[in-house]
1. Among the residues of the stretch 27-38, write down those that are modelled with pLDDT under 95 and either open to solvent by less than 10 Å² (accessible area, probe 1.4 Å) or among the aromatic types (Phe, Trp, Tyr) (or both).
2. May I ask you to say which residue of Glu109, Glu124 is acidic (Asp, Glu) and part of a helix (DSSP H, G or I)?
3. Six or more apart or on different chains, Cβ under 8 Å: which pairs go from a residue in the stretch 203-225 that's acidic (Asp, Glu) to one that's open to solvent by less than 60 Å² (accessible area, probe 1.4 Å)? Could you list them?
4. Here is a check on your reading of the model: is Ala76 within 11 Å of the ligand (Cβ to nearest atom), touching a residue at least 12 places away in the same chain (Cβ under 8 Å), of a type in the set (A, V, I, L, M, F, W, C) and open to solvent by 70 Å² or more (accessible area, probe 1.4 Å)?
5. Those residues that are of a type outside the set (Lys, Arg) and either touching a Pro at 6+ places or on another chain (Cβ under 7 Å) or more than 23 Å from Leu149 (Cβ to Cβ) (or both), I need them from the stretch 260-287; list them, please.
6. Going by what's in this entry, would Asp90 be described as in contact (Cβ under 8 Å) with a residue 40 or more places away in the chain, surrounded by fewer than 20 Cβ atoms within 10 Å (Cβ to Cβ) and more than 22 Å from Thr8 (Cβ to Cβ)?
7. Here are the criteria: (1) modelled with pLDDT of 95 or more; (2) more than 9 Å from the ligand (Cβ to nearest atom); (3) of a type in the set (Val, Ile, Thr). Tell me which single one Thr56 does not satisfy.
8. Counting only residues that are more than 11 Å from the ligand (Cβ to nearest atom) and more than 25 Å from Leu16 (Cα to Cα), which one in the stretch 93-117 is surrounded by the fewest Cβ atoms within 10 Å (Cβ to Cβ)?
Amino acid sequence: MIVVMGSTGATGNALLHSLLTLGTPVRALTRTPHKPIPGITGPHRPPVEVQYADATDHHSLRTAFKGAGQLFLAMANSPAQVALETRVIDIAAHTGIGHIVKISAPAAEPDSPVAISRGHHAVEEHLRASGLTHTILRPHAFMQNLLRLAPAVARGIILGTTGDAPFNYIDCRDIGDVAAAALTSPGIAGGTYTLTGHEAVSYPELASRLAILTGNPIRYVRLTRDELRDNLIHNAHMPTWLADHVTEIQQLAIARPETPNTTVADILGRPPRTLDAFLHEQHTHFLR
Ligand SMILES: NC(=O)c1ccc[n+]([C@@H]2O[C@H](COP(=O)([O-])OP(=O)(O)OC[C@H]3O[C@@H](n4cnc5c(N)ncnc54)[C@H](OP(=O)(O)O)[C@@H]3O)[C@@H](O)[C@H]2O)c1
């Protein structure tokens, strides 16, 4: 049995779809089991075991992991993330889980300029010391994040600090497919993989593609790091730790070019989904 933690989230939900397509038995964990899991549970859906679990509640984790051999671990970013993920790993190790697939992030290093990535490094180290077989997935930014830009795009602007520095975006559905492969193909389990989409695109290039797609003028507005952070805190009402995260990620993209690699294609035997296909599929979100 495969247990999916974060089954309502972007990567966990994509993984559920991938596993259901493969016909693999799966237990989906959520803190709100009474609510449908998007696209997965509800009338006319294939059967999935849905169970309550909260990483702050040890008893719920022990119950949720009972009888399972593998765990997918994706956890929302928060100041508590490292403590929650390390506790999940400890309880998994004591309840018979043999293999964990963990969602990490690029630049998961002890001296990373991105605080969340330093946290991922700490969790990766904890996982390595746990004695469990583990697969670590370090995806670049999710294409699905771009939907958060939709209100600004609909007003004709994209705000950012990165100028011509390109961002690499990967479709969460490819992350789900790679995670499913790691959970079902022994040859892939056990590695550490940086996952990219097929191209890296700057914000001005993104603005120009969205302008063509929507038929509306869209311009890129370059801000300083402090201007972006203030905007995220005061206009987007982000908590300061999240505004810091967004600005740190953008600084990282300037410092380290986000070059695409072939890992997704190597594992899946097909190229990753393209940004243009994603934008085309989702273009109504960006309309005025
Ligand atoms: N976004 C990106 O571009 C990006 C890029 C690289 C890496 N990452 C990494 O991806 C990870 C997030 O994965 P995601 O985007 O798939 O998740 P997500 O969409 O942010 O969803 C978060 C999930 O965490 C679960 N969760 C939150 N608190 C929990 C708790 N106390 N106990 C149990 N479950 C809890 C939520 O479940 P409930 O339904 O119960 O709330 C939800 O399913 C982060 O670690 C992030 O650093 C993100």
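1. Ile37
2. On inspection, the qualifying residue turns out to be Glu124.
3. Sorted first by the residue in the stretch 203-225, then by its partner, the pairs are Glu205/Pro166.
4. In short, yes.
5. Selection gives Asn261, Thr262, Thr263, Val264, Ala265, Asp266, Ile267, Leu268, Gly269, Pro271.
6. yes
7. So Thr56 meets the others, but not (2).
8. Taking the candidates together, the pick is Asp111.
The values are calculated or read from the model by the stated rules, or taken from the named source; none is laboratory data. Only a predicted model underlies this, so the values are computations on that prediction, with no experimental measurement involved. Here Cβ is always computed from backbone atoms with ideal geometry, including for glycine, and neighbour counts include all displayed protein chains. Remember, those area values only see protein heavy atoms, side chains included, never the ligands or the DNA or RNA. Shrake-Rupley method; radii C 1.70, N 1.55, O 1.52, S 1.80 Å.
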